[in-house]
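A.B. asks: Just dropping this structure here.
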């Protein structure tokens, strides 16, 4: 079964606008962590944001925020005030306590920011 | 501080040949992971080292893949003999013990012809 689902293969967003990238996850574990990574054309996977399953508040890191809806098993990434440099592929990932330290990744969403 | 370094960045080999990928983690990171992304599929876990010990190698596809981490520093991933389906991007990541954040390298693009 797919543990992480990203339903948007690609998105276009206008510069300076906000964009929401969808991510839903599937786990029966009570303890887990959710991550978002950015992969620009250079290939490097850049860590953006982390949300623990027991965290009560949504995680934020600068222009990135994670909209964590535990009951819906949803962990959407919101990028505010998009910049041209935000054009990249974005991956949602999950680490479950029962699964050691392995990350399960979604298929990714390609974001293209237009000037 | 240097990030996770992988080389080569690209490798093109013929089926049946051997290829060795190298990963230098961030200094002081005892956790080291290998992941790969084959064409059109999700990034998949291969294995996890803690220092020089293999903690979890459940993701290794078969015995043509051999990973080592001598001395608990850099790691190598050898594919011998390479098959067409091994083509993809191989990522290495490292982290400190007890932390959630994984730092990834830029990956090695492996093409088996």
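The values are calculated or read from the model by the stated rules, or taken from the named source; none is laboratory data. Please read these numbers as outputs of a predicted model, since none were measured by experiment. Heads up, the Cβs are rebuilt from the backbone with ideal geometry, glycines too, and the neighbour counts pull from every protein chain shown.
A.B. asks: Can residue A:39 be described as more than 16 Å from residue A:76 (Cα to Cα) and facing another protein chain (nearest Cβ under 10 Å)?
C.D. replies: On the way: more than 16 Å from residue A:76 (Cα to Cα): yes; facing another protein chain (nearest Cβ under 10 Å): yes.
Yes, satisfied.
A.B. asks: Read through the list (1) touching a residue at least 60 places away in the same chain (Cβ under 8 Å); (2) within 11 Å of chain A (Cβ to nearest Cβ); (3) over 11 Å from the mean Cα position of the chain (by Cα), then give the number of the only condition that residue B:105 fails.
C.D. replies: For residue B:105, the exception is condition (3).
A.B. asks: Could I ask something else about it? Residue check: is residue B:95 at pLDDT below 95 and closer than 27 Å to residue A:2 by Cβ?
C.D. replies: On the way: at pLDDT below 95: yes; closer than 27 Å to residue A:2 by Cβ: yes.
Against the criterion (at pLDDT below 95 and closer than 27 Å to residue A:2 by Cβ), residue B:95 qualifies.
A.B. asks: Since residue A:87 meets every condition but one in (1) surrounded by fewer than 20 Cβ atoms within 10 Å (Cβ to Cβ); (2) within 14 Å of another protein chain (Cβ to nearest Cβ); (3) in contact with a strand residue (DSSP E or B) (Cβ under 8 Å, 6 or more places away or on another chain), which condition does it not meet?
C.D. replies: Unmet condition: (2).
A.B. asks: Yes or no: the stretch A:19-36 includes at least one residue that is surrounded by 15 or more Cβ atoms within 10 Å (Cβ to Cβ), under 21 Å from residue A:81 (Cβ atoms) and within 10 Å of chain B (Cβ to nearest Cβ).
C.D. replies: Scanning the stretch A:19-36 turns up no residue that is surrounded by 15 or more Cβ atoms within 10 Å (Cβ to Cβ), under 21 Å from residue A:81 (Cβ atoms) and within 10 Å of chain B (Cβ to nearest Cβ).
A.B. asks: Residues that are within 14 Å of another protein chain (Cβ to nearest Cβ) and more than 14 Å from residue B:109 (Cβ to Cβ), at least 3 per element: which strands (runs of 3 or more DSSP E) completely within the stretch B:1-93 meet that?
C.D. replies: Working: elements: B:5-7, B:10-13, B:19-24, B:31-37, B:43-50, B:53-56, B:65-68, B:75-79.
Once the strands (runs of 3 or more DSSP E) in the stretch B:1-93 are filtered for at least 3 residues that are within 14 Å of another protein chain (Cβ to nearest Cβ) and more than 14 Å from residue B:109 (Cβ to Cβ), what remains is B:31-37, B:43-50, B:53-56.
A.B. asks: Here's a follow-up. Which is surrounded by fewer than 18 Cβ atoms within 10 Å (Cβ to Cβ), at negative phi and in contact with a helix residue (DSSP H, G or I) (Cβ under 9 Å, 6 or more places away or on another chain), of A:72, A:63? Break it down stepwise before answering.
C.D. replies: On the way: A:72 fails: in contact with a helix residue (DSSP H, G or I) (Cβ under 9 Å, 6 or more places away or on another chain).
Criteria check complete, one pass: A:63.
A.B. asks: Against the conditions (1) surrounded by fewer than 14 Cβ atoms within 10 Å (Cβ to Cβ); (2) in contact (Cβ under 8 Å) with a residue 40 or more places away in the chain, where does residue B:63 fall short? Just the number, please.
C.D. replies: With (1) surrounded by fewer than 14 Cβ atoms within 10 Å (Cβ to Cβ); (2) in contact (Cβ under 8 Å) with a residue 40 or more places away in the chain applied to residue B:63, the lone miss is (2).
A.B. asks: Hey, another quick one. Regarding the stretch B:89-111, can at least one residue be identified that is crowded, with 19+ Cβ neighbours inside 10 Å and farther than 23 Å from residue A:101 by Cβ?
C.D. replies: Yes, the conditions are met somewhere in the stretch B:89-111.
A.B. asks: Taking the stretch B:66-87 as the region of interest, how many residues are out of contact with any helix residue (DSSP H, G or I) (no Cβ under 8 Å at 6 or more places or on another chain), farther than 21 Å from residue B:29 by Cα and crowded, with 21+ Cβ neighbours inside 10 Å?
C.D. replies: Total satisfying the criteria: 2.
A.B. asks: Among the numbered conditions (1) more than 15 Å from the chain's Cα centre (by Cα); (2) under 22 Å from residue A:108 (Cβ atoms), tell me where residue B:35 comes up short.
C.D. replies: Condition (1) is where residue B:35 drops out.
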